[in-house]
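The values are calculated or read from the model by the stated rules, or taken from the named source; none is laboratory data. Quick caveat, the model's predicted, so the values are computed rather than measured. With ideal geometry, Cβ positions are generated from the backbone for all residues, glycine too; neighbour counts draw on all protein chains shown. With ligands, DNA and RNA removed, areas are computed over all heavy atoms of the protein, side chains included. Shrake-Rupley method; radii C 1.70, N 1.55, O 1.52, S 1.80 Å.
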Amino acid sequence: MTGGLTIVGLGPGPVHWIAPEASAAIAAASDIVGYQPYVDRIPERAGQRRHGSDNRVEIDRARHALTMAAEGKQVAVVSGGDPGVFAMAAAVFEAVEAGDPAWRSLEIGVIPGISAMQAAAARLGAPLGHDFCAISLSDNLKPWAIVERRLRAAADGDFVIAFYNPASKARPERIHQAFEILRGCKSAETPVAFARSVGREDERIVVTTLGEADPAAADMSTLVMIGSSETRFIDRPGKSPWLLTPRTYGAGR
Ligand code: SAH
């Protein structure tokens with residue numbers, strides 16, 4: 001029996017943001033592996049086994065999935081957003097790199113999903129219309145000094161910046177430190193947005209400026225967007241403004 005492993009992106013929340021190919025891979029799987037809340041988002045199916053786990057055991061989860069695939073099972077590893085962005089695709093390939101050489105002969109596929117920064121951008125207007133970067137503020141997997149260096153480099157390069165993992169209960173202060181660094185090197189007028197739980201019932205979007213923003217508005221369900229020097233507001237009556245980063249750099253000056 002030939003097994004296989006598919007790493008599937010579930011998008012930021014709603015079912016209608018999941019690609020048909022992702023739904024088909026989930027339906028075809030004998031075993032579903034993932035962080036428990038993501039596994040919970042998938043309707044139960046007779047005969048299908050579910051293996052939910054804690055968020056901190058990504059590599060163990062990846063090895064477990066690969067072991068089952070090598071035994072002939074059809075495994076779907078589910079991941080929030082896009083599985084390639086701060087998520088399970090890297091964990092699976094890290095496990096392959098360091099693991100049983102036989103795993104390299106397995107059929108392993110990655111099915112893309114809508115990442116949080118894309119969903120947030122869609123709500124905000126067009127903040128990612130020009131060059132941007134994504135930075136995870138979690139220092140669980142890298143030293144904070146690297147984050148600080150990248151923040152300064154991103155500001156120096158005048159990128160729009162999307163922050164993933166901006167805050168958690170274990171590290172509530174990092175987002176405040178990040179804002180302090182950016183306030184030291186970017187204009188106070190820079191548009192900033194906090195896009196929380198995009199696509200879910202508790203969605204909340206706050207549009208503000210770097211000078212006015214309260215970093216405490218960010219939690220672990222928030223994508224924080226920081227504009228470049230070109231990002232601006234388009235005001236509209238009775239609603240918070242759209243964010244626009246124009247396609248052409250320097251045209252508005
Ligand atoms: N693979 C995921 C990211 C995983 S890191 C993706 O591509 O989106 C987890 C972080 O993603 C969260 O801390 C938050 O910053 C962001 N995120 C995930 N879902 C979100 C949502 N619905 N709304 C806003 N941010 C979200």
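Within the bounds of the range 217-224, is there any residue that is of a type in the set (Ser, Thr, Tyr), at pLDDT below 95 and open to solvent by 20 Å² or more (accessible area, probe 1.4 Å)?
Residues of the range 217-224 of a type in the set (Ser, Thr, Tyr): 221-222.
If we keep only those that are at pLDDT below 95 too, we end up with none.
No, because not a single residue in the range 217-224 is of a type in the set (Ser, Thr, Tyr), at pLDDT below 95 and open to solvent by 20 Å² or more (accessible area, probe 1.4 Å).
Mind checking which residues of the range 152-167 are closer than 14 Å to Val192 by Cβ and within 8 Å of the ligand (Cβ to nearest atom)?
Within the range 152-167, Phe163, Pro166 qualify.
Can you pull out every residue in the range 95-105 that is open to solvent by 100 Å² or more (accessible area, probe 1.4 Å) and farther than 15 Å from Ala69 by Cα?
Glu97
Would you point out the residue of the range 75-87, among those that are of a type in the set (A, V, I, L, M, F, W, C) and within 8 Å of the ligand (Cβ to nearest atom), that is nearest to Ala28 (Cα to Cα)?
The initial filter retains those residues of the range 75-87 that are of a type in the set (A, V, I, L, M, F, W, C), namely 75-78, 85-87.
Checking the rest, the ones that are also within 8 Å of the ligand (Cβ to nearest atom) come to 85-87.
Working: Val85: 24, Phe86: 25, Ala87: 22 Å.
Here the residue is Ala87.
Here are the criteria: (1) within 16 Å of the ligand (Cβ to nearest atom); (2) open to solvent by 60 Å² or more (accessible area, probe 1.4 Å); (3) of a type outside the set (Lys, Arg); (4) modelled with pLDDT of 95 or more. Tell me which single one Gln36 does not satisfy.
It is condition (4) that Gln36 fails.
Arg236: away from the ligand (no atom under 16 Å from the Cβ), surrounded by fewer than 14 Cβ atoms within 10 Å (Cβ to Cβ), farther than 30 Å from Val57 by Cβ and touching a residue at least 60 places away in the same chain (Cβ under 8 Å), yes or no? Step through it out loud before you land on a result.
Numbers: away from the ligand (no atom under 16 Å from the Cβ): yes; surrounded by fewer than 14 Cβ atoms within 10 Å (Cβ to Cβ): yes; farther than 30 Å from Val57 by Cβ: yes; touching a residue at least 60 places away in the same chain (Cβ under 8 Å): no.
Considered against the rule, which asks whether it is away from the ligand (no atom under 16 Å from the Cβ), surrounded by fewer than 14 Cβ atoms within 10 Å (Cβ to Cβ), farther than 30 Å from Val57 by Cβ and touching a residue at least 60 places away in the same chain (Cβ under 8 Å), Arg236 comes out as no.
Could you check the range 9-30 and list, in sequence order, the residues that are closer than 15 Å to Pro43 by Cα and in contact (Cβ under 8 Å) with a residue 60 or more places away in the chain?
Of everything in the range 9-30, those that are closer than 15 Å to Pro43 by Cα and in contact (Cβ under 8 Å) with a residue 60 or more places away in the chain turn out to be Leu10, Gly13, Pro14, Ile18, Ala22, Ala25.
Among (1) open to solvent by less than 50 Å² (accessible area, probe 1.4 Å); (2) within 10 Å of the ligand (Cβ to nearest atom); (3) touching a strand residue (DSSP E or B) at 6+ places or on another chain (Cβ under 7 Å), which single condition is Ala119 missing?
Failed condition: (3).
For the range 122-131, give me each residue that is open to solvent by 30 Å² or more (accessible area, probe 1.4 Å) and away from the ligand (no atom under 14 Å from the Cβ).
So the first thing to find is which residues in the range 122-131 are open to solvent by 30 Å² or more (accessible area, probe 1.4 Å), and the list is 122-123, 125-126, 128, 130-131.
Residues satisfying the conditions are Gly125, Ala126, His130, Asp131.
Looking for something at pLDDT 95 or above, within 16 Å of the ligand (Cβ to nearest atom) and in contact with a Gly (Cβ under 6 Å, 6 or more places away or on another chain) - is there at least one such residue anywhere in the range 204-216?
no
Among the residues that make up the range 165-187, is at least one of them within 20 Å of Leu244 (Cβ to Cβ), modelled with pLDDT of 95 or more and among the acidic types (Asp, Glu)?
No, that holds for no residue.
Just for the range 106-116: of the residues that are near the ligand (Cβ under 9 Å from one of its atoms) and open to solvent by 30 Å² or more (accessible area, probe 1.4 Å), which one is farthest from the chain's Cα centre (by Cα)? Talk me through it step by step, then tell me what you get.
Of the range 106-116, the ones near the ligand (Cβ under 9 Å from one of its atoms) are 113-116.
Going one step further and asking which of them are open to solvent by 30 Å² or more (accessible area, probe 1.4 Å), we end up with 114, 116.
On the way: Ile114: 9, Ala116: 5 Å.
Across the range 106-116, the extreme among qualifying residues is Ile114.
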